[in-house]
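See below for the structure under consideration.
The values are calculated or read from the model by the stated rules, or taken from the named source; none is laboratory data. Model, not experiment: these values are computed from the prediction. Note that we place each Cβ from the backbone using ideal geometry, even for glycine, and neighbour counts take in every protein chain shown.
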Amino acid sequence: MSSILVKNEARLGLKLVAPAVGIIGLLVIYPILFNVYLSFFDVQLNGSKTFVGLDNYTDLLGNPRYYHSIGVSVIYLIGTVVGTTVLGLAASILMNQEFRFRNLARGLILLPYFAPVISVVFGWQFIFDPVNGIYNHVVVDVLHLTDTRENLIGNPDSALFVVILFDIWKHFPIAYLLFLAKLQSVPKDLYEAAAIDGQNAWGRFWHVTLPELRFVIATVVLLRIIWNLNRFEDVYLLAPNVETLPIFTYYQAFAGIVDQGGAAAISVIQLLVLVGLIWLYVRKVLKW
Amino acid sequence: MKHSLLVTRAALVNGLLISSLASAATVEFWTAQTQTDRLKNIELLASTFEALNDGVTVNVVAVDENEMATQMAAAVAAGTTPQLIEVNSEIIMALGEEGIVDSKTHQGVINDIGKSRFHKGALTTLTSPSGDYYGLPYHGWIQGIWYRKDWFDEKGLAAPNTWENIETAAKTLTDKANNQYGILVGTKQDSYTEQVFTQLALSNNAAEFDAKGNLIFNSPATLETIQYYNTLAKYNPPGPQNWRARDYYLQGKMAMFFYSTYIMDDLSLAEVAKGSLSSENFKELSGGTFDPNLVKNTAFAPIITHKSAASYGTLSGLVALKTNNADDTQATKDFIEFMYDPASYITFLHMAPGGMNPMLKGIAEDPAYLEDPNGVFTLYGADKMKQIVSGFDDIRSFSVVKGKTFPASGAFFAKSVIPRMIYDVTIENKDPQAALDSAEAEMKTIMGE
């Protein structure tokens with residue numbers, strides 16, 4: 001090809017990507033840069049700014065609640081990711097067996113995932129209401145397991161576990177869906193061969209199912225970590241006193257009059273964490 | 001029917017007073033009244049005003065009170081600031097300090113209506129330290145303890161108007177084994193908690209600021225109030241609670257609770273209470289039936305006395321915001337004055353009889369006002385109404401000390417400093433002094449900004 005053609009093609013290429021570059025620049029790059037800029041200022045609503053250097057960052061990093069929320073987030077992440085993966089795996093293996101009404105059962109399992117968050121949150125709050133809820137009614141009035149009524153969602157010690165349980169219940173179907181799709185493509189002869197080799201059910205799971213599912217499991221785990229690191233609505237609606245990182249950010253930045261400088265500083269730090277995760281995602285998930 | 005008559009009267013009166021405005025102007029009005037029926041009412045008022053003023057458009061936008069500050073920040077940053085908002089006094093003071101409020105328009109309205117017609121305490125609440133009006137008081141409520149008079153009488157308990165009486169009654173009437181609770185005080189990290197705490201703190205002479213503006217929150221009086229509050233919280237329904245738990249009272253599972261005059265509506269009318277037990281307030285729904293004798297058996301203790309007598313209430317105001325358009329500003333001023341016209345004012349206040357009380361003198365005695373569509377005032381009587389409303393001449397709060405206002409108090413409120421302190425003590429079992437220390441530190445940080 002002549003050099004003119006190459007040049008022309010390159011020029012055309014540039015013209016073709018220009019709108020996309022422009023839009024990304026305007027809607028993604030510019031806000032990020034402006035946000036970094038704002039994080040060094042004390043910003044008033046009327047737009048006046050005072051340069052405060054790293055004050056916004058030192059305020060944040062000196063706040064004990066920030067570290068507490070990181071701790072809560074870690075427990076929340078481990079609990080939910082392990083829980084959804086294990087439950088999703090168990091459900092998918094069960095649903096991969098032949099039985100009557102299998103399709104109906106497969107569909108029903110997906111319900112929690114598709115139900116709107118707000119409605120199931122209210123359902124859970126009804127169940128655990130300390131005075132009128134069915135949970136306390138059964139535990140205290142019917143089974144007489146204890147005399148004291150508990151507010152499981154309100155009590156900060158149990159709230160985190162209710163929130164984890166809620167997330168597992170709500171989101172395991174997506175893990176189940178991905179696992180089941182893969183399981184259906186595992187050739188039957190692999191299981192037959194393993195059986196001939198004398199493997200029992202556990203051995204077949206360990207030596208056939210798990211290796212076949214390896215990449216799907218890794219993908220699910222990674223995706224769940226990325227989603228749940230930023231999970232806001234489930235936690236905030238169900239138990240706003242469980243301060244995971246996104247909830248802490250919300251209280252810190254957006255409760256009351258917006259502290260725009262402080263909020264910018266928090267989001268810069270969050271951005272760094274997210275960039276790390278995106279890098280991991282691109283390197284691992286997209287390569288599989 | 002009555003509403004439309006009132007509005008027609010308003011139309012006639014205003015039609016004579018206000019000559020039509022010349023050019024096109026827009027008033028975007030953000031109201032904190034998000035319920036559909038209230039919005040319809042406000043829109044009716046807005047279209048009446050539009051009909052009277054050629055070329056003026058009034059856009060009514062409902063914004064949740066808790067979202068107001070955030071939405072304002074976004075709107076100001078985007079250059080789409082509304083011309084007028086209606087929101088509570090704490091947010092008004094905080095917005096005033098942000099330099100986006102049009103005090104000149106407020107001054108103009110006060111000059112036109114007459115300063116002496118406003119309840120003094122209400123106007124002071126919205127005055128800046130330098131004497132500017134950050135907003136115009138529009139409606140307000142008084143808080144107190146509503147209690148089961150029949151249960152109190154049965155046990156020989158005195159009315160809950162002192163610390164001792166409240167504690168004794170709460171203790172006596174709590175029977176957790178039978179799912180009965182003595183009292184409701186706020187323990188969630190939201191504004192209800194601050195409202196309950198404020199009244200108790202004021203009755204113990206605790207304050208955020210002294211008259212010179214020094215932060216004196218970390219005091220023995222505050223500490224004592226926190227400890228007392230913690231004691232009361234033991235007789236609460238389990239776990240963190242807020243005002244929604246008042247439905248336990250309507251179900252007969254609670255002996256007393258702190259609440260505003262907004263409850264008058266709910267208590268008076270079986271129908272209204274049934275609505276409250278089923279629709280929006282999902283959480284505490286029991287399916288229990290409404291007790292028609294509840295009004296008769298309920299009494300109200302608005303004043304709590306310990307070291308001093310304290311009543312507590314708060315108000316919402318109208319706030320004009322700075323615009324670049326003189327026509328918009330003029331239209332906004334005219335709209336505000338229209339909203340204070342007795343006919344439209346009463347139409348607005350009747351959206352929540354008892355809950356929304358007038359800030360202008362004379363309205364509470366107006367026969368049109370006393371004939372609310374739900375018949376609430378007939379039940380309570382004109383004298384009682386006048387008494388409730390007169391509280392606004394001498395209203396106490398953390399942000400007003402000896403006639404001086406301290407807007408930082410609004411910022412503390414907006415950041416939920418006190419509710420978080422109370423939550424830490426009552427739910428997380430944090431040491432009261434330690435919680436008070438960190439609340440004070442947080443207040444200092446906010447003031448330093």
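Residue by residue, here is whether (1) among the β-branched types (Val, Ile, Thr); (2) free of Cβ contacts under 8 Å to residues at least 24 places away in the same chain; (3) within 27 Å of B:Val101 (Cα to Cα); (4) in the same structural domain as B:Tyr262 (by TED's automatic domain parsing) holds:
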| residue | (1), (2), (3), (4) |
| --- | --- |
| B:Ile303 | yes, no, no, yes |
| B:Val319 | yes, no, yes, no |
| B:Thr332 | yes, no, yes, no |
| B:Thr347 | yes, no, yes, no |
| B:Lys361 | no, no, yes, no |
| B:Ala364 | no, no, no, no |
| B:Val376 | yes, no, no, no |
| B:Phe406 | no, no, yes, yes |
| B:Lys415 | no, no, yes, yes |
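Restricting attention to the stretch B:38-72, which residues are out of contact with any strand residue (DSSP E or B) (no Cβ under 8 Å at 6 or more places or on another chain) and either part of a loop (DSSP other than H, G, I, E, B) or of a type in the set (Val, Ile, Thr) (or both)? Residues satisfying the conditions are B:Thr48, B:Asn53, B:Asp54, B:Asp64, B:Thr70. When B:Asp341 is tested against (1) more than 15 Å from B:Pro82 (Cβ to Cβ); (2) under 21 Å from the mean Cα position of the chain (by Cα); (3) touching a residue at least 24 places away in the same chain (Cβ under 8 Å), only condition (2) is not met. Each residue in the stretch A:125-171 was checked for being buried (at least 22 other Cβ atoms within 10 Å of the Cβ), of a type in the set (A, V, I, L, M) and without any contact (Cβ under 8 Å) to a residue 24 or more places away in the chain, and 1 of them qualify.
When residues in the stretch B:73-89 are screened for being of a type in the set (S, T, N, Q) and in a strand (DSSP E or B), 1 of them pass.
From the set of residues in the stretch B:90-113 that are acidic (Asp, Glu) and assigned to a helix (DSSP H, G or I), which is nearest to the other protein chains (Cβ to nearest Cβ)? Don't jump to the end; show me each part of the working.
So the first thing to find is which residues in the stretch B:90-113 are acidic (Asp, Glu), and the list is B:90, B:97-98, B:102, B:112.
After this cut, where a residue has to be assigned to a helix (DSSP H, G or I) as well, the list is B:90, B:112.
Numbers: B:Glu90: 9, B:Asp112: 27 Å.
It comes out as B:Glu90.
For the stretch B:53-89, which positions are among the acidic types (Asp, Glu), more than 14 Å from chain A (Cβ to nearest Cβ) and without any contact (Cβ under 8 Å) to a residue 60 or more places away in the chain?
Across the stretch B:53-89, the qualifying residue is only B:Asp54.
So is A:Glu212 surrounded by fewer than 13 Cβ atoms within 10 Å (Cβ to Cβ) and more than 14 Å from every other protein chain (Cβ to nearest Cβ) or not? No. Here B:Thr347 meets the list (1) in a helix (DSSP H, G or I); (2) under 19 Å from B:Gly121 (Cβ atoms); (3) away from chain A (no Cβ under 14 Å); (4) not basic (Lys, Arg) almost entirely, failing just condition (2).
B:Thr105 fulfils the conditions (1) over 22 Å from the mean Cα position of the chain (by Cα); (2) surrounded by fewer than 24 Cβ atoms within 10 Å (Cβ to Cβ) except for a single criterion, (2). The criterion of at least 1 residues that are on the phi < 0 side of the Ramachandran plot and polar (S, T, N, Q) is met, among helices (runs of 4 or more DSSP H) falling completely within the stretch A:72-170, by A:102-109, A:117-128. Listed conditions (1) within 21 Å of the chain's Cα centre (by Cα); (2) within 30 Å of A:Ile153 (Cα to Cα); (3) surrounded by 23 or more Cβ atoms within 10 Å (Cβ to Cβ) are all met by B:Ser416, apart from (3).
Out of the residues in the stretch B:394-423 that are in a helix (DSSP H, G or I) and at the interface with chain A (Cβ under 10 Å from one of its Cβ atoms), which is nearest to B:Thr187 (Cα to Cα)?
B:Tyr423
Consider B:Ala201 carefully, then state whether it is in a loop (DSSP other than H, G, I, E, B), farther than 28 Å from B:Gly375 by Cα and away from every other protein chain (no Cβ under 14 Å).
Numbers: in a loop (DSSP other than H, G, I, E, B): no; farther than 28 Å from B:Gly375 by Cα: yes; away from every other protein chain (no Cβ under 14 Å): yes.
No; evaluated as a whole, the condition is false for this residue.
Among the criteria (1) surrounded by fewer than 17 Cβ atoms within 10 Å (Cβ to Cβ); (2) at pLDDT 95 or above; (3) within 27 Å of B:Leu315 (Cβ to Cβ), the one B:Tyr229 does not fulfil is (1).
Within the stretch B:224-263, the only residue that satisfies the criterion of being charged (D, E, K, R) and away from every other protein chain (no Cβ under 14 Å) is B:Glu224.
List pairs: first residue in the stretch B:226-244 and assigned by TED's automatic domain parsing to the domain that holds B:Ala439 and farther than 14 Å from B:Ala169 by Cα, second residue charged (D, E, K, R) and modelled with pLDDT under 95 anywhere in the structure, Cβ distance under 6 angstrom, at least six positions apart or on different chains. Close Cβ pairs satisfying both conditions: B:Pro238/A:Arg149; B:Pro240/B:Lys188; B:Asn242/B:Lys188; B:Asn242/B:Asp190; B:Arg244/B:Lys283.
Only residues that are modelled with pLDDT under 85 and either closer than 15 Å to B:Ala77 by Cβ or in a helix (DSSP H, G or I) (or both) were counted across the stretch A:1-48, and they come to 7. Go through (1) of a type in the set (Ser, Thr, Tyr); (2) assigned to a helix (DSSP H, G or I); (3) crowded, with 21+ Cβ neighbours inside 10 Å and name the single condition B:Ser316 misses. Failed condition: (2).
Select from the stretch A:243-258 the residues that are modelled with pLDDT under 80 and assigned to a helix (DSSP H, G or I) and write down the one among them that is nearest to the other protein chains (Cβ to nearest Cβ).
Filtering the stretch A:243-258 for residues modelled with pLDDT under 80 gives A:252-258.
So of that shortlist, the ones also assigned to a helix (DSSP H, G or I) come out as A:252-254.
Numbers: A:Gln252: 9, A:Ala253: 10, A:Phe254: 5 Å.
This residue is A:Phe254.
Counting the residues of the stretch A:25-57 that are out of contact with any Phe, Trp or Tyr (no Cβ under 9 Å at 6 or more places or on another chain), within 12 Å of chain B (Cβ to nearest Cβ), surrounded by fewer than 16 Cβ atoms within 10 Å (Cβ to Cβ) and β-branched (Val, Ile, Thr) gives 0. No other residue among B:Ala177, B:Ala221 is within 14 Å of chain A (Cβ to nearest Cβ) and small (Gly, Ala, Ser) apart from B:Ala177.
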